[in-house]
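Q: Dropping the structure in here first, questions after.
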Amino acid sequence: MLLLVPGLTLLNMVYGVYYAVSRPLFGVDLYGAWMILHLSGAEYAPSLLSFLFGAFGDTVGRRRLMVAGLAGAIPLFAAFMLDDWRCVVASVGLFSLFSDLVMMIAVSG
């Protein structure tokens, strides 16, 4: 519980940097304003699965899912290195899926 506050603070700082960098880069410079709609959908759609993650976390163990959630940094790094917009949206969706998993477990624990 002692590491929960610094961990959530770090997660929110990463989100802030991600928003500050991705919106101008993807939405203005590379693909156009329509890309913001796709990014927003990819960021918030995985939260609909949070009730399934809760049940899965109860059977597998919350710590294992938290460790698996740390793998969400890999698709976020890939989003800034890919050229195709479909791959960018997919990698942002994977990042959101993993970060929603971590956030759901951290808040409920």
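Q: Ignoring ligands, DNA and RNA, what percent of the accessible area of the stretch 1-82 is carbon or sulfur (1.4 Å)?
A: 78
Q: So what's the Cα pair-distance distribution over the chain, bin width 10 Å, in %?
A: 14, 45, 29, 11, 1
Q: Can you check what the net charge comes to around residue 57, using other residues whose Cβ is under 13 Å from the Cβ of residue 57 (Lys, Arg +1; Asp, Glu -1)?
A: +1
Q: In square angstrom, what is the accessible area per residue of the chain with a 1.4 angstrom probe?
A: On a per-residue basis, the chain sits at 62 Å².
Q: What does the charge count near residue 98 come to, summing +1 for each Lys or Arg and -1 for each Asp or Glu among other residues with Cβ under 14 Å from its Cβ?
A: Its environment carries a net charge of -1.
Q: Follow-up question, since we're still on this one. What distance in nm lies between label points placed 7 Å from Cα along the C-beta direction at residue 12 and residue 25?
A: In this crude label model, residue 12 to residue 25 measures out at 2.3 nm.
Q: Return the equivalent ellipsoid semi-axes of the stretch 35-89 as a descending list in whole Å, where each equals the square root of 5 times an eigenvalue of the C-alpha gyration tensor.
A: In descending order, the three semi-axes are 26, 15, 6 Å.
The values are calculated or read from the model by the stated rules, or taken from the named source; none is laboratory data. Please read all numbers here as calculations on a predicted model, not as lab measurements. Quick reminder, even Gly has a Cβ in these numbers, built from the backbone with ideal geometry, and neighbours come from all protein chains shown. These accessible areas exclude ligands, DNA and RNA; they are computed on the full protein's heavy atoms, side chains included. Shrake-Rupley method; radii C 1.70, N 1.55, O 1.52, S 1.80 Å.
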